[in-house]
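Taking it in order: structure first as structure tokens, then the write-up.
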Amino acid sequence: MSDQLRPRSRRSKQISTIARHGRLKRSNAFANVAKILAATLAVVMVSGVSVAALATLNVAAGVKPGVTLDNETDGPIPSISSIDGGANLLLVGSDSRAGQGDGFGDPEEETSVLNDVTMLLHIAEDHSSATVVSFPRDTFVPIPECPDPEGGTFSAMSSQKINTTLNYGGLACTVKTVEALTGLSIPYAALVQFNGVAAMSEAVGGVPVCIAEPIVDDKTDLNLSAGVHELKGIEALQFLRTRHGVGDGSDLGRISNQQVFLSALVRTLKSADTLSDPIKLYSIAKAAVDNMELSNTLKSMDTMVSIAMALKDIPLDKVVFVQYPVNYVDGGVEPDETAAADLIAAINADVSPTLAPGDADFLSVADPAATDPAATDPAAPVDPAAPVTEDPAAADPAPTASALPSNVYGQDASQQTCSSGRPVEDQ
């Protein structure tokens, strides 16, 4: 097969309309919108306030037709309690302008349908940790044979950028590609476009994000001074989209920027004010289902609530955001197979990854205003005068953390970091 992206070839074989089922492996949440959706629905469904009944009806009515995945779970839908075992969920952000209005360029001219954001959310089987893996959009990967949504199949390709999979075979093809790359089974998936991200950041009431140096990016119309900004709506979307205005101007810099936002978002969602406000939580849930395309497995309210129940008690320092490790090649990047194997092994073993200090140009910086050094730097020295408390779980230790290679970049949600702006003259 040629490694160049070719016109879609179609075989005569028709795809079955019956979802294939498979056993959910010990693996795989949050990420961006998925966390909002799950955490919101959990609280709305279990709250006793009068808005809950109406919210449930309206949210259920707003769910769009589902997408069939290869590895949909077998058996009954989980009850409204914590999901049994681990889970893997893929969140995909599309750059398609279709149906998004005229605020993102001419839809007639901007006709690409690319998955510029591809994030894998993994919940450990014992619900002790969650790992979110961001796949750089320009990563050259094999693309497996994918179902054509209109019937038949598209042929496999040996090496294409991962962000072409959404255009090639839809959300199901992106899922199959990540499954082939990682060896993980992914039974849950969601797709969101520009307006959906803006709407959900509005619904959560904004996310406080630290900016170390001013961010000015004419390509996304973003202009932020240094300091803390409450980002929501279009401004939040611009922040998540900016590439030229942060780090080294690469997609890897954008991923680091997104991790700053996502960590702040997780802290916001887990704050008492957010989780105790059923009206705000309902508005987040409604915005999510109104603006997302969901796999059949996520259309169930019970399933979404069950995933949320597994997430709500995970400590901030056990919610880890990582970039899938890559090496630079001509025209993009390719997987660092050795480092990637270590990352996937940690996910399969359900251990919380430990990230080595990174020195890349695109990374975010520590927030100098953070008051607790231990919260921003797990390696900070311990005060020898501090009292030592006995860990009640010491007699039955959980899986130990897994130290990853230095080119697996990221942070955990407890680390308060600032986005690093890029001077206009360097753009």
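What the table shows:
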read-out	value
Count - residues of segment 204-224 that are open to solvent by less than 10 Å² (accessible area, probe 1.4 Å) and out of contact with any helix residue (DSSP H, G or I) (no Cβ under 6 Å at 6 or more places or on another chain)	5
Selection within segment 327-347 - farther than 22 Å from SER414 by Cα and under 18 Å from the mean Cα position of the chain (by Cα)	ALA340, ILE344
Of all residues in segment 238-250 being in a helix (DSSP H, G or I) and open to solvent by 10 Å² or more (accessible area, probe 1.4 Å), the one that is nearest to VAL209 (Cα to Cα)	LEU240
Residue within segment 135-143 that is at pLDDT 95 or above and either touching a Cys at 6+ places or on another chain (Cβ under 7 Å) or more than 25 Å from ASN257 (Cα to Cα) (or both) present	yes
When residues of segment 276-309 are limited to those that are basic (Lys, Arg) and modelled with pLDDT of 65 or more, the one most open to solvent (accessible area, probe 1.4 Å)	LYS299
Given (1) modelled with pLDDT of 80 or more; (2) open to solvent by less than 80 Å² (accessible area, probe 1.4 Å), index of the condition ALA374 fails	(1)
Long-range neighbours under 7 Å by Cβ, at least six apart or interchain, first residue farther than 20 Å from ALA413 by Cβ and of a type in the set (D, E, K, R) within segment 248-261, second open to solvent by less than 20 Å² (accessible area, probe 1.4 Å) and in a loop (DSSP other than H, G, I, E, B)	ASP248/PHE362; ASP251/PRO136
Among (1) in contact with a Phe, Trp or Tyr (Cβ under 7 Å, 6 or more places away or on another chain); (2) assigned to a helix (DSSP H, G or I); (3) open to solvent by 50 Å² or more (accessible area, probe 1.4 Å), the one test that THR338 misses	(1)
Failed item, numbered, when THR111 is tested on (1) open to solvent by less than 10 Å² (accessible area, probe 1.4 Å); (2) at pLDDT below 95; (3) not basic (Lys, Arg)	(1)
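The values are calculated or read from the model by the stated rules, or taken from the named source; none is laboratory data. Worth saying up front: this structure is predicted, and the values here are computed from it rather than measured. Ideal geometry is used to build each Cβ from the backbone, glycine not excepted, and the neighbour counts take in all protein chains shown. We work out accessible area using only protein heavy atoms, side chains counted, and drop any ligands, DNA or RNA first. Shrake-Rupley method; radii C 1.70, N 1.55, O 1.52, S 1.80 Å.
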